[in-house]
Amino acid sequence: MIRGTTRVCGVWGWPVKHSASPAMHNAAFAELGLDIAYVPFSVAPEQLQAAVAGVRALDLLGINVTVPHKERVPEFLEKLTDRAARLGAVNTLFWDGDTLCGDSTDGPGFLAALNQAEFTITPGMQAVVLGAGGSARAVVDALVQSGVRVIVANRTIERAQELVDSFGAREAIALTEDALRPALKTAQLLVNTTSIGMHPHESECPPVPIDALHPRLFVSDLIYNPAQTRLLALAQAQGCRTQNGIEMLVQQGALAFTRWTGKPAPTEIMRRTVEQLRGKTDTIQRTL
Ligand code: NAP
């Protein structure tokens, strides 16, 4: 119930109506009996600076930021975490005393999801990341910071090279079967950060040489709608362990939850809420 004491947080997007975050976070607050409400805010790009001022004016507890604001919001904030500064992107606003700060929880959320699947990252391990967009930046940064040797494969190779140069990944290659085959041979982790295979294009699959998918390879697809992409189905048939994007969605939200409340997030209820929502609607297409 909303009371005089209720604190407010929420998510900014444009559009924002497909966001899974309000349901996920409100379920988490209810589970712990916290007097906090989480609402979607449809923020037009030209209103972003005013929205940041509104966080202070309205004494909001915290904000998640999603497409298309993640890369623009840092310029309006007082302080960024080192990670957000490296990425030039923010998905979580939080207060450090009286200072409004920005962090990006996508990278640590990705690592926490792998951990949840009992896939252990070790320094020197080799990973192949498909894609060079916003989520790829967070994933590549998190892996490189963990000592992983990362090869980035992208349709537009210049974008892959930019990631390699910015984050210290090993190599940029084309997103083609021929280029991927030797890279996959020695890799222990393959991550799809492209939107290929996402609803409503479930029949599509990144151009991965299926015969190069070996049982020592863990395959992570950041897509969570559908729950099983064509890539994951093919990888499973080759004997690979796999994970879809639901756990990363939950874990990046859990990290924001803890930033705002100081409490461990009830991830089980968050996971269940996202899965139920995904079962009910085919319209969730983006993160947060
Ligand atoms: P983005 O910034 O738009 O990047 C999209 C990437 O996909 C680019 O590398 C793009 O290549 C590539 N791509 C798109 N269509 C392609 C095609 N037909 N052929 C080859 N490459 C193609 O998107 P994003 O924000 O990184 O999101 C990507 C996916 O990750 C989405 O499905 C999103 O829902 C998911 N995601 C999930 C989570 C989670 O928590 N689970 C978090 C973030 C994102 P070019 O550079 O050549 O255009």
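Brief remarks follow.
- Segment 88-141 - percent relative contact order, Cα under 8 Å, separation 6 or more: 28 percent
- Distant-in-sequence amide H partners of PHE218 (H built 1.01 Å from N, under 5 Å): LEU189, LEU190
- With neighbour counts taken as other beta-carbon atoms within 10 Å, the residues ILE121, ILE63 rank, fewest first, as ILE121, ILE63.
- Shape analysis of segment 175-287 places it in the prolate category; the axes a ≥ b ≥ c from the Cα gyration tensor give an a/c of at least 1.5, with a/b above b/c.
- Relative contact order (%) - segment 117-157, alpha-carbon pairs under 8 angstrom, separation at least six: 51 percent
- Footprinting exposure proxy for THR120, THR176, THR5 (fewest neighbouring C-beta atoms within 10 Å first): THR5, THR120, THR176
- Relative contact order (%) - segment 168-253, alpha-carbon pairs under 8 angstrom, separation at least six: 27 percent
- Sorted ascending by nearby beta carbons within 10 Å, beginning with the fewest, MET248, MET270 become MET270, MET248.
- The orientation-averaged projected area of the convex hull spanned by the Cα atoms of the chain comes to 14.6 nm².
No lab work stands behind these numbers, since they all come straight from the coordinates. For clarity, every value in this text was computed on a predicted model and none was experimentally measured. With ideal geometry, Cβ positions are generated from the backbone for all residues, glycine too; neighbour counts draw on all protein chains shown.
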